[in-house]
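Read through the structure below, which is laid out as structure tokens, and then see the notes.
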Amino acid sequence: MSKIANRFTSLKNLEEKKSFLDKTPISALNGGLTDEYYQTLTDFDFIYLKIQDSQFGVEALIRDYFLIEDLEILENLEKNETLNPEKVKILKLIQRALELSSHVLNENQTQLVGQLWGRLQSFPQPEIQQILADAAESKSEIPRFRPITASLTTPGGNLLRTLTGHNNSVNAVAIAPDGKTAVSGSDDNTLKVWDLHTGKEISTLTGHNDWVRAVAIAPDGKTAVSGSDDNTLKVWDLHTGKEISTLTGHNGSVYAVVIAPDGKTAVSGSDDNTLKVWDLHTGKEISTFIGDSPIICCAVSPDGLTIVAGEQSGRVHFLRLEGG
């Protein structure tokens with residue numbers, strides 16, 4: 001048992017234990033005790049205890065690692081108190097391994113040992129290897145499999161997180177202009193709004209009666225428009241997660257939707273061979289273009305004057321947005 005585990009078990013009551021898990025990393029940094037901060041976040045027992053606690057979990061632990069990027073904290077540290085680059089690298093490896101594992105650990109904390117071994121065992125740093133050794137010796141979890149090779153995606157690659165929550169295929173995704181949130185549409189008839197920093201689901205947008213095929217986010221990031229196999233488009237308030245309006249007029253599945261740069265109009269393409277322009281304020285159809293086959297994709301030019309639409313037949317149409 002590590003010193004941290006001994007300190008934790010010596011605490012007299014639940015409130016003290018909660019405070020220990022919550023405050024130890026930030027208190028160490030604010031006090032200039034960077035070595036204590038480092039030792040805490042490279043200690044398997046601390047990692048395990050914080051993830052297992054229902055008040056904290058993996059996301060709270062990940063935030064502890066982000067403290068080394070807090071400019072206010074860094075400005076208050078003396079030069080001789082700052083962590084050397086190698087220690088920062090090790091902390092970032094652990095942080096990124098936890099981020100990659102967060103979708104698993106949010107559902108089942110008992111997978112911690114397998115996740116750490118599957119992602120970190122190829123890294124030779126003594127601190128990483130000590131975490132893995134302590135994890136392997138831990139008797140606090142139910143029996144589990146432990147990978148003998150780095151069989152899971154390792155930190156340092158392109159994958160940052162995996163977002164889970166949909167119950168069927170995901171057909172569409174859009175990122176808000178601020179880069180902080182995303183919206184996805186699925187065959188489970190829902191859309192989900194995600195926090196890209198934490199990987200957490202913010203809200204689920206329900207109202208479509210069939211598969212969601214397309215989604216677009218307005219330039220102000222406040223609203224989204226979705227298209228569905230129920231032949232409708234829906235306009236959503238992303239702050240409240242509520243439906244603002246339903247746009248009806250298509251006679252087939254809506255395969256594509258895009259919002260004009262001014263945020264006032266939307267364009268949709270459908271299995272009914274039509275492209276429609278909508279007034280998002282009134283919910284009214286402004287104009288319709290009829291093609292020869294299903295229109296499966298569309299885009300609006302940056303100046304908001306031109307639409308480009310692609311047909312299943314292979315044709316690409318250039319259209320003026322004004323007047324349809």
- Item | Charge-dipole axis of segment 3-137 as Lys and Arg at +1 and Asp and Glu at -1 on Cβ define it, positive-most pick from 24, 103, 38 | 103
- Return the lysines within reach of residue 284: Cα separation strictly under 25 angstrom, same-chain partners fewer than 8 residues apart disregarded; answer none if there are no such residues. 222, 234, 242, 264, 276
- Item | segment 3-137: Lys pairs at Cα distance under 22 angstrom, eight or more positions apart or on different chains | 19
- Note on the structure: Among 200, 12, 50, the residue with the largest mean-square fluctuation in a Gaussian network model of the chain built from Cα contacts under 10 Å is 12
- Among 311, 78, 137, which one moves the most in a GNM of the chain with springs linking Cα atoms closer than 10 Å? 78
- Over the chain, the sum of -39500 (n - 2.57) across DSSP H runs of at least four, divided by residue number and rounded to 500 deg cm²/dmol, gives at 222 nm -9500 deg cm²/dmol
- Listed residue (296, 194, 232) projecting farthest to the positive dipole end of the chain, Cβ model: 194
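May I ask you to list the trypsin sites (Lys or Arg not before Pro) in segment 271-315 that are in a DSSP loop and have at most 16 other Cβ atoms within 10 Å of their Cβ?
315
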- Message: Under a Cβ-only charge scheme (Lys and Arg +1, Asp and Glu -1), can you give me the dipole magnitude of segment 170-320 about the Cα centre, in debye to the nearest 20?
- Response: 280
- Item | Environment charge at residue 126 (Cβ cut-off 14 Å; Lys +1, Arg +1, Asp -1, Glu -1) | -2
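For segment 94-139, which trypsin sites (Lys or Arg not before Pro) are in a loop by DSSP, counting at most 11 other Cβ atoms within 10 Å? Mind showing how you got there, number by number?
Working: sites: 96, 119, 139; in loops: 139.
Passing both the DSSP loop test and the Cβ count: 139.
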- Task: Would you mind giving the average projected area, over all directions, of the Cα convex hull of the chain in nm² with one decimal?
- Result: 20.6
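Quick note: the coordinates plus some simple rules give every number you see, no bench work behind them. Here the structure is a predicted model, which means the values were calculated and not measured. Heads up, the Cβs are rebuilt from the backbone with ideal geometry, glycines too, and the neighbour counts pull from every protein chain shown.
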